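The values are calculated or read from the model by the stated rules, or taken from the named source; none is laboratory data. Being a predicted model, the structure only gives us computed values, none of them experimental. Every residue, glycine as well, gets a Cβ built from its backbone with ideal geometry; the counts of neighbours run over all protein chains shown. Surface accessibility is based on the protein's heavy atoms, side chains included, excluding ligands, DNA and RNA. Shrake-Rupley method; radii C 1.70, N 1.55, O 1.52, S 1.80 Å.
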Amino acid sequence: MQTNTAPSITPIPGQYWQWRGHKIYYVRAGEKQPQRPPLLLVHGFGASTDHWRKNITGLCDDFEVFAIDLLGFGRSAKPKLQYGGDLWRDQLHDFITEVIGQKAVLAGNSLGGYACLCVAAQLPESAAGVVLLNSAGPFSETQATPEPEALQSQIQPPKQSSPLQKIFGDSVKWIFRQPLAQFLLFQYVRQGWVIRQTLEKVYLDKSAITNQLVEEIARPAYDAGALDVFVSVFSSPQGEKVDVLLKQLTCPLLMLWGEADPWMNARERSQKFRLYYPELTEHFLRAGHCPHDEVPNQVNPLLQEWVFSIAR
């Protein structure tokens, strides 16, 4: 398999914040701007602040920019807890209150987008606006699956309607809730070649898949506690439904879609968001599941212009 050996981009060094007795890693760049809110960038499942390096450097001339590792990911602590939207919502809200010190625009990819939406909808005093990039999270009318979408495509049989296939599908889910199966699956999905294979599925521009990117995703998966986090994400109850959150939302919403995302039908999902929050702004980009990393030269200006417009 061909590997991309593009030169590494040195991430901006970060620091730690103590939250509920756990070390939380974050990066800060740029200066406070009196006329516009700071940005808080939140990664998706299995990623970290490293995944935003092209956006931090691209946006910090115009904004004070923060990126954070959610508890259980990246360089943050990985305690044995029940992980889910409520936990990460509280983490982000407390970070904005204690560290940033003013309302922020929250921008999140995938799972991070869902966490940002939870904050903006349920703790609106923290959010000046919210930006969702191929955001995860279930709508009420869809069949809920607690597994992260990155794994669904690898472990779930195709959605068929025959009783036999339904039983097979349920048995697969049951198997993957057994400790040995979870352990073996975790050993498999954290290997570099598997991570690269997954990225090849979800990035349209394969040249964006560098050795550095693969290493940055693999490294935290070998930390103590990483297996417990992985298992918890499988078994935790689902958080609030996206439609319920959108009905509570009062701040401006920008949606940036990588429309070549194989894990979600961007156009179809966009219609659901519009149904519950018609005043949103959105753009469709030629990219996969992680447009911020794949096409930062498009994402950064769109994000910048939108924040300028809501800050006027």
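A few comments on the model shown:
- Here the stretch 1-145 exposes an accessible surface that is 48 percent carbon and sulfur, computed with a 1.4 Å probe and the other protein chains kept in place.
- With K and R counted +1 and D and E -1, the other residues having a Cβ less than 11 Å from that of GLN91 yield a net charge of -3.
- Choice from ILE68, ILE56, ILE96 showing the highest fluctuation, given a GNM over the chain with Cα pairs closer than 10 Å: ILE96
- Semi-axis lengths, largest first, of the ellipsoid equivalent to the stretch 1-108 are 22, 21, 11 Å, with √(5λ) applied to each eigenvalue of the Cα gyration tensor.
- Across LYS32/LYS103; LYS78/LYS241; LYS23/LYS80; LYS206/LYS241; LYS54/LYS206, pairs whose alpha-carbon gap is larger than 21 Å: LYS78/LYS241; LYS206/LYS241
- Most mobile of ASN109, ASN55, ASN134 in a GNM of the chain (Cα contacts under 10 Å): ASN55
- Cβ-defined net charge surrounding THR10, 14 Å radius [Lys, Arg +1; Asp, Glu -1]: -1
- Ranking THR49, THR281 from most to least accessible surface, computed with a 1.4 Å probe over the protein chains only, gives THR281, THR49.
- Helix 192-202 and the longest principal axis of the Cα set of the chain meet at an angle near 70°.
- In loop segments of the stretch 1-103 as defined by DSSP, the GluC sites (Glu not before Pro) with at most 13 further C-beta atoms inside 10 Å of their C-beta are GLU31.
- Pairwise centroid distance, computed over Cα atoms, of the stretch 264-312 with the stretch 79-127, Å: 19
- According to the calculation over all Cα-Cα pairs in the stretch 46-86, the P(r) per 5 Å bin from zero is 5, 21, 23, 20, 14, 10, 6, 1 %.
- Descending semi-axes in Å of the stretch 211-312, equivalent ellipsoid built from Cα gyration tensor: 28, 21, 14
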